Amino acid sequence: MTWDANLLWQFDMLILLMMVICAVAALSLKGLVSSAVVTGAYSFFTCLMWTHMMAVDVAFTEAAVGAAVSTVIIVATAQYINPWSKD
Amino acid sequence: MKPFARIILFLCAVMMLTATVDLPDWADPGSPASTHLSPGFIEQGYHETATPNVVTAVLADYRSYDTLFESVVVFAASLVVMLVLRRTSTGTSRIKHFRPKREGRDTILRGAAQSIIPVMQIFALYVLFHGHYSPGGGFQGGVIFGASFILLSLCYSLKFAMQRFKEKMVLICCACGALLYAGIGAVCLAMGWNFLGYAGLAGLLGVTDVMARSHGILAVEAGVGITVMAVMVSLYYDLASGGDMEEGL
Amino acid sequence: MIIDILVITMMITGLVFFTGTTVGIIRFPDFYTRVHAAGKGDTLSTVMFLGAMSLYILRDFSGESLLTFIKLILIVLYIFIASPTATHAIIDAGYEFRVPYWTRPSDKPSNEDDATDINKTMEDISI
């Protein structure tokens, strides 16, 4: 398979931009569940980034662990945390 | 507190970005990592292990100590979560801030789960056992298999999932996976090779050294898969129920 | 040639539905209608896109392309089952949580108790 990485630098920039947006949103959103879901979206963009860098194994792990299971676990933990507490 | 945290965050970002400049370029053939080790793995890997996927060969054969202790770390993480959270049910449920009161799950979710979960489990096994030829392996297959139980618990209830896959069984699976991995290494040691030198299995299996390494990778990946699957389910059971195993997400 | 035209038509249809989804998410007034727009349009347009891709793969026919075609069809089936179910689950959870729904400002709800109830829950769940 031939792949010219420089061909798709716009794609690269788009994914990086979305990652930054997701990271800032995850920190600044009020609700814990919303933050958890946005973290999952961040993981998904990381997965796309790995795929773009041709590291398919890492991308697969990221999609399975980061985007799927850890989001569920974070949401499951968030239900016990008081969302109105300081910090 | 807030401005102070922001300053620290900003400083960390500046330090990391400064350090990024010194890293070699992406896919740079002249970087130290790809001048010494990578050519050896890429050129010798298939002839030494009969595994077309170099990542699997490196992960489970050349760097098998690394993977062994990764799975042990995952196992220890589930044990610690259980130690901190697990408690006997006292009847009083903890405060749940995001939980609506609901009686039961509906038919649509159950039907969709019924049709998706078997496919997921078969796909997980495919990922695990096809790791020699395609992306995938123990970690990914195990996580997908564990996610199928999490889906069962989400679409039915925690009790229903725990009847199918009991907590005791989960812990046994946790330990058995890591034990399988270390046991393969110990068998190799007993056959007179290095710990986790899979060529030692050649005499037992009756195959050549190269095929023995391939089969050893498969067995080890199965161990990692069992551990990771059980750990994911155990983490979900503990965290979603708050430790009393009464009621999940 | 015919396959090309079919692929282009399906992709354009998918794009139209994606645009509709986006406009719906932005323009619709409350939670339920937004999720409704997202679920329906997203499912159909993703299916359109993947179907177009699988047809495009099938253009130069070989065993490998047939395998890719089957995999893409499996993904289409999965999305066709999972996406509406997820939408249903989200809306169901919102209904159980009593997320307030939108009513046209001209005809206020006749039952006064309902209105106060909705306002109260609205304050409760402003997370």
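Filtering segment C:68-127 to residues that are of a type in the set (A, V, I, L, M, F, W, C), modelled with pLDDT of 75 or more and not in a helix (DSSP H, G or I) leaves C:Phe97, C:Val99, C:Trp102. On inspection, C:Val23 fails the criterion of being farther than 24 Å from C:Ile5 by Cβ and either in a loop (DSSP other than H, G, I, E, B) or in contact with a strand residue (DSSP E or B) (Cβ under 6 Å, 6 or more places away or on another chain) (or both).
Among the residues of segment B:147-157, those identified as surrounded by fewer than 23 Cβ atoms within 10 Å (Cβ to Cβ) and facing another protein chain (nearest Cβ under 10 Å) are B:Leu151, B:Leu154, B:Cys155. Of the helices (runs of 4 or more DSSP H) that lie entirely inside segment B:144-235, not one contains 1 or more residues that are of a type in the set (S, T, N, Q) and under 21 Å from the mean Cα position of the chain (by Cα). Would you call C:Met48 over 11 Å from the mean Cα position of the chain (by Cα), assigned to a helix (DSSP H, G or I) and free of Cβ contacts under 8 Å to residues at least 40 places away in the same chain? Answer is yes for this residue.
Suppose the filter is of a type in the set (Gly, Ala, Ser), part of a helix (DSSP H, G or I) and either touching a Pro at 6+ places or on another chain (Cβ under 8 Å) or more than 14 Å from every other protein chain (Cβ to nearest Cβ) (or both); does B:Ala60 pass it? Considered against the rule, which asks whether it is of a type in the set (Gly, Ala, Ser), part of a helix (DSSP H, G or I) and either touching a Pro at 6+ places or on another chain (Cβ under 8 Å) or more than 14 Å from every other protein chain (Cβ to nearest Cβ) (or both), B:Ala60 comes out as no.
Here the condition is being buried (at least 18 other Cβ atoms within 10 Å of the Cβ) and under 18 Å from B:Arg63 (Cα atoms); of B:Ala186, B:Ala178, B:Ala161, it holds for B:Ala178 alone. Across segment B:124-146, the number of residues qualifying as surrounded by fewer than 22 Cβ atoms within 10 Å (Cβ to Cβ) and more than 11 Å from B:Met229 (Cβ to Cβ) comes to 7.
Kindly indicate whether any position in segment A:68-81 is under 12 Å from the mean Cα position of the chain (by Cα) and at the interface with another protein chain (Cβ under 10 Å from one of its Cβ atoms). Yes, because at least one residue in segment A:68-81 is under 12 Å from the mean Cα position of the chain (by Cα) and at the interface with another protein chain (Cβ under 10 Å from one of its Cβ atoms).
Is it true that some residue in segment B:51-67 is under 16 Å from B:Ala199 (Cα atoms), in contact with a Leu (Cβ under 6 Å, 6 or more places away or on another chain) and surrounded by 12 or more Cβ atoms within 10 Å (Cβ to Cβ)? Within segment B:51-67, one or more residues are under 16 Å from B:Ala199 (Cα atoms), in contact with a Leu (Cβ under 6 Å, 6 or more places away or on another chain) and surrounded by 12 or more Cβ atoms within 10 Å (Cβ to Cβ).
Here is the figure for segment A:54-87: residues that are surrounded by fewer than 18 Cβ atoms within 10 Å (Cβ to Cβ) and touching a residue at least 40 places away in the same chain (Cβ under 8 Å) total 3. Here is the figure for segment B:192-249: residues that are among the acidic types (Asp, Glu) and crowded, with 17+ Cβ neighbours inside 10 Å total 4. Among residues of segment B:118-146 that are at the interface with another protein chain (Cβ under 10 Å from one of its Cβ atoms), those with a beta-carbon under 8 Å from a residue that is buried (at least 24 other Cβ atoms within 10 Å of the Cβ) and of a type in the set (Asp, Glu) at least six positions away or on a different chain give the pairs B:Gly131/B:Glu221; B:Gly137/B:Glu221; B:Gly141/B:Glu221.
The values are calculated or read from the model by the stated rules, or taken from the named source; none is laboratory data. Since we're looking at a predicted model, the values are computed, not measured. Quick reminder, even Gly has a Cβ in these numbers, built from the backbone with ideal geometry, and neighbours come from all protein chains shown.
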